[in-house]
Amino acid sequence: MTTAKIRQNGDIVRVAVQGHAGDPRICAACCVLEQTLQQWLRDMGKGGALALYDDDVKEETGDFYIKAKTKNVDDKVVAMLLGVIATGFMLLQEQYPDHVRLIYK
């Protein structure tokens, strides 16, 4: 099972995705969501809008963890992106409840 935990607490953003869904198509869908979020946060970091504290992907296990602090960007902009990514995981969870779990705060 793949578990995605997405949290934003003020200016701190944490996203952790762990485990394999068991179906390569579902894992691929999860990876697209992870990589989209990761690239967006990296781009925002390069622009000075946030600071990345942790940015770790372990390909062998499929684990993904990223932590960032917003600086020069409205927290609502980050919340909107996290909402889009969470929606992707929610749709996967609804379609494949035995393979994907979302925890979104």
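Structure notes:
- Degrees between helix 75-95 axis and first principal axis of the chain (Cα, 0 to 90, nearest 10): 0 degrees
- With a Förster radius of 41 Å applied to the beta-carbon distance between Asp11 and Gln95, the computed FRET efficiency rounds to 0.80.
- Approximate shape of the stretch 2-104 as ellipsoid semi-axes (Cα gyration tensor, √5λ), whole Å, largest first: 24, 14, 10
- Top positive-direction residue, dipole computed over the chain with Cβ charges, set Leu41, Asn72, Ala51: Asn72
- Sequence-separation-based contact order of the chain, relative, with Cα cut under 8 Å and 6+ spacing, percent: 37 percent
- Straightening the chain between Ala28 and Lys69 buys 12.0 nm, computed as 0.36 nm per residue apart minus the Cα-Cα spacing.
- Within a Gaussian network of the chain (alpha carbon springs, distance under 10 Å), most fluctuating of Val32, Val77, Val15: Val77
- Counted charge near Ile6, where neighbours are those whose Cβ lies closer than 10 Å (Asp, Glu -1; Lys, Arg +1): +4
- The chain, helix-only ellipticity at 222 nm - DSSP H runs n ≥ 4, -39,500 (n - 2.57), divided by all residues, nearest 500: -14500 deg cm²/dmol
- Dipole magnitude for the chain: computed about the Cα centre from +1 point charges on Lys and Arg Cβ and -1 point charges on Asp and Glu Cβ, it is near 340 debye.
Bear in mind these aren't lab numbers, they're just calculated from the coordinates by the rules spelled out. All of these numbers come straight from a predicted model, not from anything done at the bench. Don't worry about glycine lacking a Cβ; one is built from the backbone with ideal geometry, like all the others, and counts go over all protein chains shown.
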